[in-house]
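All remarks here apply to the structure that follows.
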């Protein structure tokens, strides 16, 4: 299993991934992390629940892995291994997640 680090910071989508299953799985995981729960029509449960950001930092950190496990249900080759939440200036919150991409994503 390969490990990657992704964040919820915006990046350009790579439309030329091609047949590389691992790169596609990593990009799918990042897209799921960036999506806000409730913003995808006909699939309101997909995406990260931003209501967590209203909680104190200690509570967010305790609930973060559970929420990431729920978010990554839509990408079966990805599993969140560890996560950290950082509160930046200008009230921005950065989520940094270490993910493992399983061997099945190669195909």
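Bear in mind these aren't lab numbers, they're just calculated from the coordinates by the rules spelled out. These figures come from a predicted structure and were not determined experimentally. Neighbour counts are summed over all protein chains in view; Cβ atoms, including those assigned to glycine, are modelled from backbone coordinates with ideal geometry.
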Quiz item: Label points 7 Å out from Cα along the Cβ direction at residue 12 and residue 43: separation in nm?
Solution: 2.6
Quiz item: For the chain, what mean projected area does the convex hull of the alpha carbons give, in nm²?
Solution: 7.1
Self-check item: Residue order, fewest to most surrounding Cβ atoms within 10 angstrom, among 69, 54, 20
Solution: 54, 69, 20
Self-check item: Residue-averaged 222 nm ellipticity for the chain, from DSSP H runs of 4+ at -39500 (n - 2.57), nearest 500
Solution: -9000 deg cm²/dmol
Exercise. Using only alpha carbon pairs under 8 Å that are at least six residues apart, calculate the relative contact order of region 33-86 and give it in whole percent.
Key: 27
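Would you work out the relative contact order for the chain, in percent, from Cα pairs under 8 angstrom that are 6 or more residues apart? Don't skip to the answer; put the middle values down first.
Numbers: 161 pairs, mean separation 38.0, N = 107.
Rounded, it is 36 percent for the chain.
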